[in-house]
Structure formats: structure tokens, C-alpha cells
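Novice: Right, I'll just put the structure down here and ask away after.
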Amino acid sequence: MAIKRFSIGGMSCAGCVASVEKALAAVAGVSQSAVNFAEHTADIEGDFVVDEVINAVREAGYEAALLESEQDTEQKEAAEFEYYRALVKKYQFAAAVGVPLFILGMLGVLPELDNFSGQLVWFVIGIITAGVMWYSGGHFFSGAYKSFTHHSANMDTLIALGTGTAWIYSMVIVLFPDIVPSLAQHAYFEAAAIIIALINFGSALEMKARGKTSEAIQRLIGLQPKTARVIRDGVEQDIEIASVGLNETIRVRPGEKIPLDGTVIDGHSSVDESMLTGEPLPVSKQVGDEVIGGTLNKTGSFLFQTKKIGKDTALSQIIEMVRKAQNSKPAIGRLADKISSVFVPAVMIISIVTFLIWYNFSGMEISYAVVAMMTVLIIACPCALGLATPISIMVGVGKAAEHGILIRNGDALQKAGQIDTIVLDKTGTVTLGKPELLQVLVADGQDETQLLQIAASIEKGSEHPLAQAVLEKAVEKNIELLTVDDFSAIEGHGIKANISGEIVFLGNEKLMRGQNIDLSDWQQKLDDLTAQAQTPVFIANQDKLTGLLGIADPIKEDSKQAVQRFHKAGLKVVMLTGDHQRTAEVIARQVGIDEVIAEVLPQDKQAKVQQLQQQAQVVAMVGDGINDAPALAQADVGFAIGTGTDVAIESADIALMKGSLGNVMDAIQISKATVKNIRQNLFGAFFYNILGIPVAAGILFPFIGMLLNPMIAGAAMAMSSVTVVSNANRLRFYKTGGEN
């Protein structure tokens with residue numbers, strides 16, 4: 001099903017997220033939606049009509065627009081920047097009115113309300129304050145009205161009720177001073193203006209800080225050139241990327257970025273792929289090699305043919321994957337959303353109860369009840385609560401992307417930090433995945449070259465890494481391949497084929513035993529191979545073993561260091577492989593792996609992971625994402641190791657572009673740091689409200705005579721959101737590799 005991204009306008013707090021998601025759930029064809037309050041977007045999955053989605057969001061009191069291209073995204077960002085500038089102007093206007101009023105009030109130069117001239121001055125102040133509320137705070141009141149008409153409440157509701165109450169109470173005192181006792185005749189115009197100024201100021205700071213959270217996406221987008229030098233009809237011309245088609249020939253000169261994905265057809269060079277894979281060393285590119293759009297050509301000039309364009313390129317897939325992950329919610333975030341959805345109504349009830357208690361039982365003037373009620377409404381804004389999770393997710397996922405770690409969803413990000421057992425595939429994960437044929441052992445009466453010729457001829461149709469090692473050795477020795485008939489692959493065992501009228505078997509020990517081939521005379525040679533971590537490949541006819549190939553897959557340089565990091569973090573490390581038991585054990589000893597499960601067929605790996613899940617809390621599987629797909633899907637967290645062209649592996653939760661085991665530990669560290677950051681934000685938001693609401697309600701008044709000023713409440717509310725965003729942005733400076 002298609003996933004479309006929409007810009008959502010008008011959301012002011014986490015309560016709005018619940019309202020939008022509820023509206024989207026009612027649209028025909030929408031199977032799933034994820035609304036991101038921090039980014040003001042929604043990822044919607046299903047077979048739906050776009051106009052119906054937009055109408056549903058509008059009926060809920062918000063605005064929606066489909067984001068189909070990077071141009072749409074740029075327009076959204078431009079609109080957000082204009083909104084930021086508008087907030088600054090609104091803040092400045094409100095402060096220009098509120099701050100002088102506050103200072104004049106503190107100096108005692110404003111007139112009393114006990115005469116007509118004093119009332120007239122305060123009436124003019126009230127009208128000016130009304131102008132502030134209309135210009136600087138109008139969006140709060142319109143948002144509150146929309147929420148009211150849709151039978152909901154949000155942050156705008158609290159601010160509109162708080163400042164509206166202050167202004168109405170003040171105007172009543174100005175126009176009818178005899179209604180309340182003289183001690184309660186205090187106008188709160190300056191409070192209403194300063195509260196609106198502070199909230200707008202906080203929102204502007206929040207937007208500015210929030211913009212930094214999407215820097216990872218912006219950097220990825222910035223990798224792609226705007227134009228490409230295409231050769232058409234023998235003429236080179238620079239054209240827009242969007243106009244380039246498939247199988248077009250493109251020239252890339254030294255120092256230029258490669259515009260799209262393709263295959264080199266002429267020339268050679270070295271390419272810096274670090275911006276996508278995190279690998280610092282340039283990669284040599286020859287004719288036939290793949291190149292990735294967005295990477296940097298270093299030295300030579302070459303021609304390549306485009307194979308992927310538009311949204312199919314590796315870079316576009318990476319950007320989409322990062323965006324989708326940033327919009328997703330882990331379990332801890334969904335809990336916060338549920339709390340936020342009932343938070344505003346609960347605060348409104350608390351404010352009413354506060355007013356009634358002060359009015360009926362305190363023995364104080366009514367102004368105290370009004371101030372307490374107003375302060376509760378102002379201080380209890382759920383913005384910080386709504387931002388706590390998504391803002392950290394955005395930064396954490398972006399930080400991971402900088403390391404070539406592509407996290408698919410919020411649950412994977414949260415679970416990665418809880419892993420206690422990590423399962424590693426051998427070939428291509430612990431080892432390079434590029435085996436070399438090191439030895440050819442032959443039976444009496446057999447010729448080494450002839451045996452290699454037979455083996456290479458059989459392996460010609462296979463894509464297995466071991467087969468490539470045999471073929472490369474045959475090419476190196478200029479051996480001509482034979483015609484193979486009746487080729488038959490036996491899954492998990494090997495190959496049966498007919499060469500020159502003779503049935504030949506090539507494969508592992510299980511294949512030989514299945515054909516009743518006697519291996520007893522070869523046991524010592526077999527032991528010698530496995531002691532050297534060489535995988536034995538058997539060759540036999542219908543009667544006996546004719547030869548043995550020793551193939552070794554070199555261990556990656558950083559595998560041992562990565563396993564040491566796993567152990568340092570307290571993780572149990574298991575190798576799960578289809579390779580020979582003794583060969584696997586030798587490699588496991590060399591890198592320090594705790595447990596080996598060898599000679600496992602691809603279809604049985606999933607069951608082995610299930611068994612391990614019964615013994616551990618959270619099991620991760622690391623593999624190449626293709627042969628290990630069932631096991632990756634079964635694991636609590638699946639890591640797919642691959643290159644930039646393998647990022648669309650659907651079976652994995654996390655894709656590692658660099659192909660290094662060290663990145664698995666980096667992902668775990670980033671997960672722990674992000675979840676810790678989310679918990680800090682949630683604790684701060686909850687603690688702020690748990691402490692702030694009772695203080696605002698006046699719980700300290702009987703003990704120390706303190707009643708919180710509504711302006712202080714407004715400042716505290718504004719700064720709570722800024723604090724959450726600033727704390728999340730600390731993740732941008734997080735360093736992996738045990739440097740923290």
C-alpha cells in the first residue's frame with residue numbers, strides 16, 4: 001500500500017495529534033497514520049483519496065496539504081519560516097505593550113480605579129490590550145474556537161481561557177468597580193499581554209531549535225546535484241535531474257557529485273561514498289561497477305548508464321526511510337500521546353475546582369480565585385509533553401543516518417537499546433563475504449587442473465559466494481569451462497550435475513553422506529582444512545570422493561573489535577551459520593564469539609532464533625538481509641548489512657550501509673542515548689506539570705503566602721517546550737564508539 005506524506009497545519013499541542021489521527025482513522029482506505037507534532041507532518045498508509053484526507057483534516061479544524069516532491073517540502077519549510085517571523089513580530093508587539101505596563105504598575109504611577117479619569121485611563125489600556133490579544137494572540141483564540149466547535153480542547157484552549165479570563169475580569173473591574181471590593185480591584189491587562197508575548201517568544205525559540213532536528217534530512221537532500229551532464233545524440237548537455245531517464249549516458253568529471261544510480265560503462269575513478277556509507281576511504285570504480293547518486297567523484301572522469309532514477313535511487317530511499325522513521329512512534333511515545341489526549345480537559349477541570357475552592361473556602365478576595373484559576377490554565381500547557389518523544393526520535397534517527405545506520409521505525413530504535421543477545425551470520429557479516437580458493441586436494445589418479453575445471457563448470461550457474469571463489473581461480477589459471485547438463489541445486493547441500501555423461505556431486509558433507517560417499521580416508525585432510533578456518537567443498541562421482549576444495553573467507557578487520565564492544569556492553573554473541581561446525585568454531589575463536597550454531601539450513605535459521613528468544617529478553621539478528629530474511633524478520637531487532645544499493649531490504653528493522661559490525665554497536669549506543677533522552681524529556685514534562693499545577697493552584701499560599709504570578713507561569717510554560725527541544729538537540733553532538 002502507498003504511503004503519502006502530508007503537511008498538517010494548525011497543531012498546537014499533543015492533544016491536536018490525537019484529534020488529527022482520529023480524523024484520519026475515519027477516512028475510507030486509510031489503514032495506518034503517524035502524525036508527527038514536532039515536524040507538523042503525517043505519514044498516511046493505505047489506498048485512499050487524497051482530497052478525502054484533506055477534507056477530513058479540515059473538518060477536524062486543521063489544514064492539510066500533500067507533499068509530493070522536494071519542492072513541496074521546500075515550500076512547507078518556507079511557510080514555516082514566515083510563520084516564525086510572524087511569531088517574532090507578534091511577540092515584539094505584545095512585549096512593547098505589556099512590559100511598559102508592568103514597569104509602570106511596579107512604579108505605582110498608574111491611576112487608581114476610584115475616579116472617572118482613572119477608569120478612563122484603564123479603559124484605554126484595556127482597548128490597547130485587546131488589540132494585542134487580537135494581533136499577537138488571535139491564533140490562540142481562533143484555535144480554541146475551532147477546537148470547541150469540534151468538541152475538543154488543546155493548548156490554544158488553555159491560553160485563550162487564561163488570557164481571556166484576565167482581560168474580561170480586568171474590564172469588568174474598570175467598567176463596574178463597585179462590583180468587587182476595593183482590595184480586589186486590580187487589573188491584569190499587563191499579565192495578559194506579557195503572557196501572550198512570552199508564549200509567542202517560546203514558540204519562536206522552539207521553532208528555531210526544532211529546525212535543527214531535521215538537519216540530517218537536509219544534508220541528505222543536499223547531496224543530490226540539481227543537474228546532470230547527459231550525452232544525447234553525441235552531444236553533452238547539462239539538464240535538470242528530473243529530466244534524466246533510464247539507461248541514459250552521463251559523464252562525471254573529477255570533483256563532481258554523481259547525480260543518479262547507475263553502472264560505469266567507460267573510464268575509471270575513485271569515489272568518496274562516506275556521506276552515505278560512513279566509510280572514509282574512497283572506493284575504486286571500474287567498468288561494470290555500480291555508482292550511487294550523491295557520492296563524490298574524486299580523481300578520474302567516467303561515463304555511466306543510469307539504472308535508477310527519481311524515488312528509486314538509493315539516496316531517495318534513504319531519505320524516505322529516515323523520514324518515515326522520524327515520524328514513527330515507539331511504545332513510550334504512544335503512551336505520552338494517550339496521556340496528552342486527556343490532559344487539557346483534566347487541566348480545565350482542575351482550574352475550575354481551584355477557582356471554586358479559593359472563592360468559597362479561602363476567605364480571600366475574588367481576585368485571588370481568578371489569579372489562581374488563570375495561572376493553572378497558563379502553566380499547564382502540554383506542548384513539552386507532546387514534543388518529548390518525536391523531537392528526540394527525529395534527532396536520534398538523523399544521528400544514526402549520519403553513521404550510515406538507517407532505522408525503519410521508532411519501535412526498532414527503542415528495542416535496539418534493550419538487546420541482550422546478538423546473533424551473527426558468518427558469511428558477509430563476520431567475514432568479508434568474498435571467499436578465496438586456497439587449496440585443491442585430489443584423490444589418487446585425479447588431476448588437480450581437471451578437478452578445478454569440473455568444479456568451476458558446475459559452479460558457473462551459481463551465485464553462491466563459494467562458487468565465485470572457484471570461478472575466479474579457474475579464470476586466474478585460464479581454465480576453459482565444460483558444458484554442464486542436468487544441473488540441479490539441492491538446497492542447503494550443494495549441486496548435482498552431468499558433465500560429459502558422468503554424474504558429479506559438489507557440495508558439503510551432508511550432500512556426501514546423503515549420497516553414501518565414504519569420507520573416512522579424508523578425515524585428516526578435512527581436520528587440517530577446518531583447523532585453518534577453510535570451508536571444505538567436496539567433489540564426488542556416484543562412487544567415491546574425487547577431491548576436496550579448501551575455501552577461506554577472510555575475517556573483516558573490525559569484527560574482533562566489534563565483538564569486544566558487544567562483550568563490553570554485556571551482550572551474549574552467537575554465530576548462526578550454514579558452514580561446517582569446525583570451520584565456524586575456528587572463526588568464532590578468532591573473533592571471540594561465545595556460542596556457535598553451525599550447519600543450519602537457511603530455512604531453519606528462523607527456528608534457531610525462536611529458540612534463542614526463549615532464553616533471552618531481546619534478540620537481535622545481523623545478516624545480509626537476503627538469505628537471512630526469515631531470521632531477520634523473526635528477531636526482535638533485525639540488522640541488515642549491505643551497501644548503499646541494498647537499503648530497501650524489507651526484512652530488517654535497521655539497515656547498515658557501511659557493512660561493518662561496528663555499526664551494530666553504534667546503533668545500540670544511539671538507541672540507548674535516544675531512549676534516555678526521551679525519558680529525560682518525559683520526566684521533565686511530567687515533573688514540570690506535577691510540580692507547577694499545584695503551585696499555580698496556590699498550594700503554597702497557606703504556608704508561605706505565595707501565589708504564583710500568571711506572567712511567571714507563562715514564562716515557565718514557554719520555556720518548558722524550549723527546554724525539551726534543546727535537550728533533544730544534545731543528541732546531535734552524541735559520539736559513538738565508547739567516546740561518551
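The values are calculated or read from the model by the stated rules, or taken from the named source; none is laboratory data. None of these values were measured; they are calculated from a predicted model. Using ideal geometry, Cβ is built from the backbone for each residue, glycine included, and neighbour counts are taken over all protein chains shown. Side chains are part of the model used for accessible areas, which takes the heavy atoms of the whole protein and leaves out ligands, DNA and RNA. Shrake-Rupley method; radii C 1.70, N 1.55, O 1.52, S 1.80 Å.
Novice: Can you tell me the mean projection area, over all orientations, of the convex hull of region 8-101's alpha carbons? Units nm², please.
Specialist: Convex hull of Cα atoms, orientation-averaged projection: 7.1 nm².
Novice: Once region 334-437 is represented by equal point scatterers at the alpha-carbon sites, with solvent omitted, what log10 I(q)/I(0) does the Debye formula produce at q = 0.14 Å⁻¹?
Specialist: For region 334-437, the Cα-only Debye profile gives -0.77.
Novice: With +1 on each Lys and Arg Cβ and -1 on each Asp and Glu Cβ, and nothing else charged, work out how big the dipole of the chain is about its Cα centre, in Debye to the nearest 20.
Specialist: Roughly 2440 debye, rounded to the nearest 20.
Novice: Using only the alpha-carbon atoms of region 383-480 as identical scatterers, what base-10 log of I(q)/I(0) does the Debye formula give at q = 0.20 Å⁻¹?
Specialist: Log10 I(q)/I(0), no solvent term: -1.02.
Novice: Helices from the chain with mean Kyte-Doolittle at least -0.5 and a Cα length along the axis of 27 Å or more, per DSSP H: which?
Specialist: 70-107, 116-135, 155-175, 189-212, 331-361, 383-402, 662-697, 710-729
Novice: Sort 522, 167 by accessible area with a 1.4 Å probe, largest first.
Specialist: On the way: 522 30, 167 60 Å².
Descending order: 167, 522.
Novice: What whole-number value in cubic angstrom gives the convex hull volume per residue for the C-alpha atoms of region 670-713? Before the final figure, lay out each step's value.
Specialist: Working: hull volume 3.1 nm³, N = 44.
Value for region 670-713: 70 Å³ per residue.
Novice: Which far-off residues, 5 or more places away or on another chain, put their amide H under 5 Å from the one on residue 641, with H placed in the peptide plane?
Specialist: 623, 624, 625, 656
Novice: By the scheme Lys and Arg +1, Asp and Glu -1, what is the net charge of all other residues having a beta-carbon under 15 Å from that of residue 478? List each step's numbers first, then the result.
Specialist: On the way: positive: 473, 477; negative: 448, 472, 476, 480.
Summing Lys/Arg as +1 and Asp/Glu as -1 gives -2.
Novice: Still on this model: What is the percent of Cα-Cα separations in region 420-525 that go past 23 Å?
Specialist: Numbers: 1840 of 5565 pairs.
Above the 23 Å cut-off, region 420-525 has 33 percent of its Cα pairs.
Novice: Over the chain, calculate the relative contact order: mean separation of alpha carbon pairs under 8 Å at least 6 apart, over the residue count, as a percent.
Specialist: Computed value for the chain: 14 percent relative contact order.
Novice: Measure of size requested: the Rg and Dmax of region 508-614, with Cα atoms as the atom set and Å as the unit; please supply both.
Specialist: According to the Cα coordinates of region 508-614, Rg and Dmax are 16.0, 52 Å.
Novice: Å³ per residue of the Cα convex hull, for region 34-188?
Specialist: Expressed per residue, the convex hull around the Cα atoms of region 34-188 is 138 Å³.
Novice: Past 18 Å, Cα to Cα: identify those pairs from 415/572; 307/556; 426/572; 257/307, in the order given.
Specialist: 307/556
Novice: Using the 2.2 N^0.38 Å rule of thumb for compact globular proteins, work out how the chain stacks up: its C-alpha Rg over that value, please.
Specialist: 1.25
Novice: Something else now. Considering the options 317, 712, 306, tell which one lies farthest towards the positive end of the dipole of the chain, charges being +1 on Lys and Arg and -1 on Asp and Glu at the Cβ, about the Cα centre.
Specialist: Of 317, 712, 306, it is 712.
Novice: What is the magnitude of the charge dipole of region 216-314 about its Cα centre, with +1 placed on the Cβ of each Lys and Arg, -1 on the Cβ of each Asp and Glu, and no other charges, expressed in debye to the nearest 20?
Specialist: 180
Novice: Can you return the lysines within cross-link range of residue 460? Criterion is Cα-Cα under 20 Å, with same-chain partners fewer than 8 residues away left out.
Specialist: The reachable lysines, counting only those whose Cα sits under 20 Å from residue 460, are 434, 473, 477, 496.
Novice: A further question on this structure: Can you tell me the mean projection area, over all orientations, of the convex hull of region 649-722's alpha carbons? Units nm², please. If you can, show how the numbers build up before the last one.
Specialist: Numbers: hull surface 31.4 nm².
So the Cα hull casts an average projection of 7.8 nm².
Novice: Cα gyration tensor of region 236-324, axes a ≥ b ≥ c as square roots of the eigenvalues: rounded (a/c below 1.5), prolate (a/b > b/c) or oblate? Can you show the working numbers first?
Specialist: On the way: a/c = 1.82, a/b = 1.11, b/c = 1.64.
Because a/c hits 1.5 or more and a/b fails to exceed b/c, region 236-324 counts as oblate.
Novice: Moving on to the next point. Rounded to the nearest 10 Å², what accessible area does residue 186 show when all protein chains are kept and the probe is 1.4 Å?
Specialist: Number for this one is 90 Å².
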